[in-house]
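First the structure, in the form of structure tokens, and then the observations on it.
The values are calculated or read from the model by the stated rules, or taken from the named source; none is laboratory data. Because the structure is a prediction, the values reported are computed rather than measured. SASA here: full protein model, heavy atoms, side chains in, ligands and nucleic acids out. Shrake-Rupley method; radii C 1.70, N 1.55, O 1.52, S 1.80 Å.
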Amino acid sequence: MNAFEQLIERNVEYSEDFQHASLQIMPAFMTVVLTCADARVDPAHFLGLGPGEVVVLRNIGGRVNDSIIESVAILDTLAQKIGNGNRVNVAVVHHNDCGVSRFANPQLQQSLAHRINRDPSVIQEMVITDPNGSAAADAVLLESAPQIGPGVTATGYVYDVTTGTLEKANAVATVSA
Ligand SMILES: [Zn+2]
């Protein structure tokens, strides 16, 4: 049995006693959590989430980029349309020991840039060496995006993979390159 077949077995168990058929499209907390794809950094665990409570967006590093800005714009449009006019609030969660920090290494950066056919500077922008600074900066970047506009709040947080704690990012921290 391969790894995914083992996981499918868990789904069989999950669906046997399924009790979430009446959940609505918009999440109960009207919150979007953007965080890293890192398997250790799962909001369902560190925020104790149940089904339907928040929307989770994940990419490498939990970085705000055009794709994330579009996704938040879509969710906020939906929220205003079918979520009783409420706006979404966004938590940008970066973490220590992030895998993207490895790409500060020039050799690895060059190698990846070549592989995905991008300029090394694009890779450098993804690098997180100071999660406190990058989470705060990405929250500002998201909030100030013209596609987002006033009414949507974004706040940076840092998750510690060694202690399980989540803390608000310090907005005056230096932004990582
Ligand atoms: Zn990460």
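Figures for the structure shown
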item	result
Interatomic Cα distance distribution for region 66-177, bins of 10 angstrom, percent	14, 35, 33, 16, 2, 0
Value of relative contact order over region 57-169, rounded to a whole percent, pairs C-alpha under 8 Å and six or more apart	32 percent
Calculated P(r) tail over 20 Å for region 1-89, as whole % of Cα pairs	50 percent
Over region 132-174: Kirkwood hydrodynamic radius from C-alpha pairwise inverse distances, Å	11.0 Å
Cα gyration tensor shape for region 14-55, rounded if a/c is under 1.5, else prolate or oblate	oblate
Per residue accessible area in Å² of the chain, where ligands, DNA and RNA are left out and the probe is 1.4 Å	60 Å²
Of Gly99, Gly83, Gly149, the one that fluctuates the most in a GNM where the chain has Cα springs shorter than 10 Å	Gly149
Value of [θ]222 nm, deg cm²/dmol, for the chain, DSSP H segments ≥ 4, -39500 (n - 2.57) each, nearest 500	-11000 deg cm²/dmol
